[in-house]
Amino acid sequence: MRASEARLAAVFQRIDITPSYPVSLLGYFNDRVSEGVLDPLHCRLAAFRTASRRPPCRASPDRLLLVQIDTCLFDQAFAWSLRRALRSREHGAWVSQELLVWASHTHTAPALARLYEARRQDRYAAELVAKIAAAAGAAARALTGTPAAGPQATIVTVAVARGSAEGLSFNRRWLGPDGKAVTNPSRAQRARLAGPEGPVDPELLTLWFRDAGGAPRAAFVSAVNHTDTVGGQRISADWPGVLERELGRGLGGQLPVFFLPGAQGNVNHFDPQAERDQTCYEEALRLGRAYAQAVLATLPAARLRPFATRQPALGSFLRRVRLPGRPIPGGQLQAARALLAAAAEGKGPGTLTASELAAGSPEVARVLARELLRQAPSRRRFYRVLLQAVRLGGVLICAIPGEPFVELGLALKGAGRALGAPVVPLGLAGGYYGYILPGERLPAGGYEALPASGCLGGAAAAMIVEHFRRVLRAPR
């Protein structure tokens with residue numbers, strides 16, 4: 001039996017993680033305290049175990065735990081606190097190589113990191129770790145067949161479906177005649193700009209997990225678009241939450257849908273030709289429904305054996321890679337200090353986004369100045385970044401702890417096609433190092449290129465791509 005035909009024991013869980021008290025929301029420049037709930041937040045867990053009796057090798061464990069959290073991002077401290085909790089026997093004795101955790105990137109969820117003016121919600125983070133640990137322990141027991149109340153393991157096969165979602169994503173960086181980039185320019189600004197700086201990636205890739213009867217039990221949906229349509233101060237899972245609900249309706253039941261945000265650092269939903277309000281809950285509904293229709297359209301063509309391979313059905317490759325940091329020019333530090341010393345605090349709008357930055361908002365300028373000075377003492381010349389690649393059947397998920405530009409994702413997918421292996425670039429995974437730009441994009445500037453927006457240098461992007469290329473080429 002080939003690995004892509006192998007059956008897996010699987011446990012799928014979805015737990016409600018909506019806070020019952022006001023929290024600081026992360027996603028914009030200013031601090032926003034929640035004022036209610038539009039729709040619930042969830043954490044989704046998928047635990048897998050192979051049926052093979054052979055002992056696992058270093059690159060091929062016989063089980064994996066994949067955790068997707070409805071949140072904007074989380075820092076390395078949160079990731080390590082979760083890993084520590086899961087190491088205990090009570091919670092499954094999961095080791096780091098067996099665990100992959102990532103964020104959906106919704107901008108209307110509690111802050112699990114300190115960034116800009118948002119305050120890290122330590123109480124919520126501790127409660128979240130406890131909920132995930134309890135669910136992980138139950139999943140581990142279910143995989144071993146230990147009799148207990150709770151989730152049950154199901155034998156599943158993995159089918160892969162490819163599709164496209166045209167017209168839902170746009171490159172958000174526009175270039176001026178001087179070659180400088182503006183992030184989320186206004187309509188008036190766009191009239192003076194040459195056009196988008198780079199491409200988009202409309203590809204949809206869905207992993208369908210089917211039971212013995214052929215019914216879908218869960219889905220992993222990879223799409224390249226920002227999860228930032230709602231705005232405001234009410235909690236929401238944004239359009240991936242709508243996607244899950246719509247897929248459930250289309251299939252006639254509740255289905256855990258794990259959203260895998262692709263290389264979306266310079267891509268979002270803002271249509272430069274549209275005149276409607278594009279920051280509202282109606283936009284989340286529009287995108288979620290459109291993506292759901294596109295995903296459902298691919299289901300009939302989902303292939304159980306997408307690629308001939310003799311590789312094991314599960315794999316995990318975890319390595320620390322030394323990547324260069326993004327320096328902070330001394331002149332920028334001096335300018336930040338001068339700005340904060342001279343400018344009086346003014347009351348800005350309720351939500352400060354990159355659009356306000358593009359418009360020259362003084363409030364955003366002060367936030368960025370404070371953030372730059374806060375980050376400066378901990379800025380390093382090099383970082384040892386944890387990169388992880390996870391194999392599920394014939395698909396390789398390349399996990400990146402930050403927001404890579406779409407060019408990185410396209411390069412990784414191209415490397416996979418050259419070797420006959422589908423690749424899913426996954427951002428916001430395992431921690432957060434900010435925006436990850438190709439070196440040639442940094443001179444154009446723009447919000448993502450600011451020293452406060454990311455700590456990895458221009459060479460880091462190519463090094464990340466090369467690392468995963470080596471993983472693809474390595475013999476199994």
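The values are calculated or read from the model by the stated rules, or taken from the named source; none is laboratory data. Here the structure is a predicted model, which is why all the values come from computation and not from measurement. Cβ coordinates were reconstructed from backbone atoms using ideal geometry, including for glycine residues, and neighbour counts include every protein chain displayed.
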Next on the checklist: Against the definition (at pLDDT 95 or above, touching an Asp or Glu at 6+ places or on another chain (Cβ under 7 Å) and farther than 25 Å from VAL224 by Cα), how does ARG119 come out, yes or no?
Outcome noted: yes
Checklist entry - Based on what the data block shows, is PRO306 at pLDDT below 95 and not in a helix (DSSP H, G or I)? => result yes
Checklist outcome for this item: Residue set LEU442, LEU450, LEU426; condition surrounded by 20 or more Cβ atoms within 10 Å (Cβ to Cβ) and of a type in the set (A, V, I, L, M, F, W, C); output residue LEU426
Checklist entry - Regarding LEU86, is this residue surrounded by 23 or more Cβ atoms within 10 Å (Cβ to Cβ) and farther than 29 Å from TRP239 by Cβ? => result yes
Item to check | When residues of region 69-83 are limited to those that are within 22 Å of TYR28 (Cβ to Cβ) and crowded, with 20+ Cβ neighbours inside 10 Å, the one farthest from the chain's Cα centre (by Cα) | outcome: PHE78
Checklist outcome for this item: Quick count over region 58-116, residues being touching a strand residue (DSSP E or B) at 6+ places or on another chain (Cβ under 6 Å), free of Cβ contacts under 8 Å to residues at least 60 places away in the same chain and at positive phi, is 0
Checklist entry - Which of the residues belonging to region 28-68 are outside any strand (DSSP E or B) and either at pLDDT 95 or above or within 30 Å of ALA452 (Cβ to Cβ) (or both)? => result TYR28, PHE29, ASN30, ASP31, SER34, GLU35, GLY36, LEU38, ASP39, PRO40, LEU41
Checklist entry - Hey, any hits in region 132-150 for a residue that's modelled with pLDDT under 95, surrounded by fewer than 23 Cβ atoms within 10 Å (Cβ to Cβ) and touching a helix residue (DSSP H, G or I) at 6+ places or on another chain (Cβ under 7 Å)? => result yes
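Out of LEU387, LEU373, which single residue is surrounded by fewer than 22 Cβ atoms within 10 Å (Cβ to Cβ) and part of a strand (DSSP E or B)? Spell out the reasoning first.
Values: LEU373 fails: part of a strand (DSSP E or B).
None of the others qualify; the one that does is LEU387.
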Item to check | Set ALA181, ALA219, ALA223: member being modelled with pLDDT of 95 or more, more than 19 Å from the chain's Cα centre (by Cα) and either buried (at least 20 other Cβ atoms within 10 Å of the Cβ) or among the acidic types (Asp, Glu) (or both) | outcome: ALA181
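Tally the residues that are part of a strand (DSSP E or B) and aliphatic (A, V, I, L, M), restricting the search to region 426-439. Before the answer, list the steps.
Of region 426-439, the ones part of a strand (DSSP E or B) are 426, 429, 434-436.
Filter once more, keeping what is aliphatic (A, V, I, L, M): 426, 429, 436.
Adding up the residues that qualify gives 3.
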Checklist entry - What single numbered condition from (1) aromatic (Phe, Trp, Tyr); (2) buried (at least 17 other Cβ atoms within 10 Å of the Cβ); (3) at pLDDT 95 or above fails to hold for TYR21? => result (2)
Item to check | Of all residues in region 336-358 being out of contact with any helix residue (DSSP H, G or I) (no Cβ under 8 Å at 6 or more places or on another chain) and surrounded by 10 or more Cβ atoms within 10 Å (Cβ to Cβ), the one that is modelled with the highest pLDDT | outcome: ALA338
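So that you can scan it fast, the table gives a plain yes or no per residue for (1) among the charged types (D, E, K, R); (2) part of a helix (DSSP H, G or I); (3) touching a residue at least 60 places away in the same chain (Cβ under 8 Å):
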| site | (1), (2), (3) |
| --- | --- |
| ARG391 | yes, no, yes |
| LEU412 | no, yes, yes |
| GLY416 | no, yes, no |
| VAL424 | no, no, yes |
| ARG441 | yes, yes, yes |
| GLU448 | yes, yes, yes |
| ALA452 | no, yes, yes |
| HIS467 | no, yes, yes |
